[in-house]
Structures are given as structure tokens and as C-alpha cells.
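The values are calculated or read from the model by the stated rules, or taken from the named source; none is laboratory data. Computed from a prediction, not measured in an experiment: that's the story for all the values here. Neighbour counts run over all protein chains shown; Cβ positions are idealised from the backbone, glycine included.
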Amino acid sequence: MLFKKRKDVHDVLIFGAGKQAYWHARLALLLKGDAIHHLNIINRSFESARMMVQKLFKSELTGDIHRPKVAIITPGHTEYQRLLKANVRGASVIFCTTPSSEPLFPPGYLTHTEGRKKGRYISAIGSYKPHMIEIHPEIIQQAVAPTHGHHHHKHAKQGGAIVVDSIEACLKEAGEVIQAGLGGGQVVELGELIMLRRDAEVRRQGGDKDCDAGGGIELGQRKRRKSQSGGKGGDAHEDDGGLRDWLERGTVIYKSVGLGLMDVVVGGDLVRLADERGVGTRIEDF
């Protein structure tokens with residue numbers, strides 16, 4: 001959902017080469033097509049990454065799929081550290097799909113001045129226990145830091161929060177969130193973003209011309225500001241408190257510990273048991 005909103009997806013970087021990596025690469029190419037120019041994969045095993053790429057472009061399920069320039073990088077490369085830094089800094093989209101117990105790259109790659117000039121979409125979906133971590137806590141802490149009412153023109157817009165699939169689950173299970181010391185006020189669920197957007201739309205339709213015009217978003221504090229200029233100069237991208245601009249071009253970090261497929265499987269088993277025992281109500285053609 002968040003990836004689809006991104007304006008710049010030219011360079012996609014994936015850590016890992018398992019099923020999560022495969023499906024994220026495949027969905028990215030299906031959703032954005034030839035907008036993706038480079039697909040770079042960093043993995044411990046070159047062979048497993050090669051096999052993933054081969055499967056990706058030979059899938060009978062999707063037929064022809066856009067094929068960007070692909071590069072595979074392993075820690076065994078003599079210039080691994082240089083390539084790691086260059087790929088992280090150059091990435092528009094980063095998918096982290098490993099059960100790593102330590103950060104996949106140093107925080108300075110993104111927290112120092114050069115790293116902050118570009119907005120990125122970062123999805124950390126590999127770690128699912130408190131001791132696991134893919135993104136360094138310093139990167140998370142910087143992403144949720146308040147903007148103090150101003151935005152440096154050389155730095156990508158921050159959202160004041162990281163986006164999660166479940167606040168309750170991430171505060172208990174997500175290593176990145178736990179080790180960064182975040183609280184409930186510094187994370188926002190996907191559903192809440194949708195509600196914020198709909199709320200802005202409703203107020204605009206109701207004639208509220210000043211609704212958050214020109215303001216920045218402070219999701220960490222669950223509040224949005226109005227422009228001190230009284231709303232003059234605001235545009236459609238600002239009417240929602242800068243939410244759209246942040247989601248499209250800013251630095252957005254998404255953290256997930258759940259897997260929708262698990263819900264489907266459990267739900268399917270419950271329906272099967274209900275059928276076997278003759279309980280519940282069946283709705284035909286539902």
C-alpha cells in the first residue's frame with residue numbers, strides 16, 4: 001500500500017533472497033513496472049540470490065515481467081563495504097527481509113547529511129522478535145524526531161513516526177521498535193493513515209479551507225498543525241498536513257511483524273472445522 005504511493009522507485013535494494021525477498025521483488029515489478037531501473041540484491045549466498053532472480057523472471061504465473069538492471073552483492077566481495085554504502089545511499093526503496101540479529105548497515109549511511117538528502121521508502125519485514133534487528137535504532141530515532149516546525153531544504157521530509165501493521169504487536173515483537181525505545185506515540189498503524197487522509201478529505205469537502213494548509217505532519221503526537229499564515233498558499237498536497245507529500249517523497253519506514261497469509265490459513269481451517277461440525281451460519285455466494 002505504501003510502496004504504491006512512491007514517486008521515485010528507480011533504484012530498489014533488497015536484503016535477503018528468500019520467499020519474502022522474492023515476493024517483494026515480484027510485487028514491486030508488477031506494481032511499478034518500468035519505473036524501476038535497478039534491482040540490487042544483497043545476500044550472504046550468491047547462488048541463492050541468483051536462483052531467486054532466475055525464478056523471478058521465469059515465473060509462469062505472471063508471464064512477461066519488466067526486467068530492470070539486476071546486481072547481486074555478497075559480503076565476500078572485495079569491495080563489499082563500498083558497494084554496500086553506495087547501494088544504500090542510492091536506493092529509493094529498501095526492502096529488508098532477513099531474520100538478522102544485528103543492523104544490516106551502519107546508521108551513518110542514512111543519518112549523516114548526504115544520506116538525509118534523499119527521501120526513501122524502507123520496509124523492514126524480516127525481523128519478528130525483540131532480539132532481531134535490520135535497521136539501526138539511530139535511523140529509527142531520527143525518523144520519529146520532531147521537526148520543530150521547520151524543515152531543512154536539503155533534508156528529506158520526516159514523518160515524525162514509523163508506520164506499522166500493528167502497534168501492539170510491534171511494541172512487543174519488533175526489534176527495531178523495541179531497541180530504539182519507541183512508545184505508542186511514535187508509531188502509527190496503516191489504518192490510521194487512511195483515517196487521517198479521509199478526515200482531511202471530508203473537511204475539505206465541508207468547506208474548511210484552512211484544514212491543515214501548509215502544515216507539517218506530526219504523527220508521533222497524533223496532531224497536525226495549521227499554517228500560521230492562516231492557510232494562504234496551501235495546495236492539495238498540503239491540505240492533509242503534508243501527509244501525501246511525505247508518503248510520496250519523504251522518508252517513510254514501515255515495520256511489520258505479521259503475515260497476512262497466516263490469517264488466511266487459520267481462517268480457512270476454522271471454516272473447515274465449522275463445516276465438519278455443522279456449526280455457524282453459511283452465507284451462500286458470499
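Taking each residue of the range 89-110 that is within 18 Å of residue 257 (Cβ to Cβ) and looking for partners that are of a type in the set (Phe, Trp, Tyr) and part of a loop (DSSP other than H, G, I, E, B) with beta-carbon atoms closer than 9 Å, six or more apart or interchain, yields 99/128. Looking at this structure, is residue 122 within 24 Å of residue 6 (Cα to Cα), under 15 Å from the mean Cα position of the chain (by Cα) and modelled with pLDDT of 95 or more? Here the answer is yes, as residue 122 does meet what is asked. Evaluate the following for residue 113: is it at pLDDT 85 or above and under 24 Å from residue 248 (Cβ atoms)? Here the answer is yes, as residue 113 does meet what is asked. When 74, 62 are checked against the criterion of being hydroxyl-bearing (Ser, Thr, Tyr) and at pLDDT below 95, a single residue qualifies: 62. Say whether the condition of being buried (at least 19 other Cβ atoms within 10 Å of the Cβ) and modelled with pLDDT of 95 or more is met by at least one residue in the range 151-158. Checked the range 151-158: no residue is buried (at least 19 other Cβ atoms within 10 Å of the Cβ) and modelled with pLDDT of 95 or more. Apart from one condition, residue 54 fits all of (1) free of Cβ contacts under 8 Å to residues at least 12 places away in the same chain; (2) part of a loop (DSSP other than H, G, I, E, B); (3) under 20 Å from residue 33 (Cα atoms); the exception is (2).
Okay, residues lined up against (1) surrounded by fewer than 18 Cβ atoms within 10 Å (Cβ to Cβ); (2) out of contact with any Pro (no Cβ under 6 Å at 6 or more places or on another chain); (3) at pLDDT below 95; (4) under 27 Å from residue 244 (Cα atoms):
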residue: 67; (1), (2), (3), (4): yes, yes, yes, no
residue: 83; (1), (2), (3), (4): yes, yes, no, no
residue: 86; (1), (2), (3), (4): yes, yes, no, no
residue: 96; (1), (2), (3), (4): no, yes, no, yes
residue: 104; (1), (2), (3), (4): no, yes, no, no
residue: 130; (1), (2), (3), (4): yes, yes, yes, no
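Could you tell me which residue of the range 245-270 is nearest to the chain's Cα centre (by Cα), considering only residues that are among the small types (Gly, Ala, Ser), part of a helix (DSSP H, G or I) and surrounded by 10 or more Cβ atoms within 10 Å (Cβ to Cβ)? Ranking the qualifying residues of the range 245-270, first place goes to 267.
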